[in-house]
Amino acid sequence: MKVIETFSPQETLEAGKQTGAQAAAGQVYCLNGDLGVGKTVFTQGFAAGLGIKEPVNSPTFTIVQEYEEGRLPLYHFDVYRIGDIEEMDEIGYEDYFFGQGVCLIEWAALIEELIPENAIRITIEKNLEKGFDYRKITIEGAAE
Ligand code: ADP
Ligand code: MG
C-alpha cells in the first residue's frame with residue numbers, strides 16, 4: 001500500500017501523472033472517493049502520464065471515453081450515473097477490462113461485482129482538519 005498526501009490540485013495531478021507513467025497494458029485502476037474529492041484531477045494527470053495531450057473530463061453522457069493517442073489506450077469510465085449494472089454489459093465492458101489498454105474507473109465501487117480481482121485500487125479522501133485542499137491518496141495493488 002502506498003499513501004500520497006497532496007495539498008493542491010497540481011500535486012494530485014502530479015501523483016496521477018506518475019501513476020500513469022508506470023501503467024501497463026491490461027491494468028484496471030479503480031478510483032473511489034466522494035464527489036469533488038479529485039478523481040477526475042487524478043485521471044487528468046494519469047492521462048498526461050500516458051502521453052495523452054487532449055483534455056480529459058468526466059464523460060457526462062457516456063459511461064466510457066476512449067483516448068488512443070498515448071503510450072497505451074486509456075479507457076476512462078465514470079459510472080456515477082449508471083442506473084443498472086446491465087448498462088456495463090451493453091457497452092461491452094469486458095473488451096475494455098480484459099483488453100490491451102488501461103482502464104481507469106471513477107466510482108468503481110458502484111460496479112464492484114464486475115471489478116477484476118487483480119485491479120489496482122485508489123482511494124482519495126479529504127481531511128478538513130488538514131486543510132480544504134488536503135487529499136490523502138491510497139494506492140493498493142500492482143501500482144504501489
Ligand atoms: P471528482 O472527480 O472526485 O468528483 P474533481 O476532480 O472533478 O472531483 O474535482 C476536485 C476538485 O477539488 C477540483 O475543483 C479541484 O480544484 C479541487 N481540489 C482542491 N484541492 C485538491 C487536491 N489536493 N487534489 C485534487 N483536487 C483538489
Ligand atoms: Mg469526476
* **strands (runs of 3 or more DSSP E) fully within region 18-129 counting 2 or more residues that are among the aromatic types (Phe, Trp, Tyr)** => 74-78
* To do: Read through the list (1) in contact (Cβ under 8 Å) with a residue 40 or more places away in the chain; (2) more than 14 Å from the chain's Cα centre (by Cα); (3) in a loop (DSSP other than H, G, I, E, B), then give the number of the only condition that LYS136 fails.
  => (3)
* Check region 77-87 and report whether any residue there is surrounded by 18 or more Cβ atoms within 10 Å (Cβ to Cβ) and away from ligand 1 (no atom under 16 Å from the Cβ). => no
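Table: residues versus (1) open to solvent by less than 30 Å² (accessible area, probe 1.4 Å); (2) hydrophobic (A, V, I, L, M, F, W, C); (3) without any contact (Cβ under 8 Å) to a residue 60 or more places away in the chain.
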site	(1), (2), (3)
VAL37	yes, yes, no
THR40	no, no, no
GLN44	no, no, yes
LEU50	yes, yes, yes
VAL56	yes, yes, yes
PHE61	no, yes, yes
VAL64	yes, yes, yes
TYR67	yes, no, yes
LEU72	yes, yes, yes
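The values are calculated or read from the model by the stated rules, or taken from the named source; none is laboratory data. Not measured: the values here are computed from a predicted model. Please note: Cβ atoms are built from the backbone with ideal geometry, for glycine as well, and neighbour counts cover all protein chains shown. Quick note on the areas: whole protein, heavy atoms, side chains included, nothing else; ligands and nucleic acids left out. Shrake-Rupley method; radii C 1.70, N 1.55, O 1.52, S 1.80 Å.
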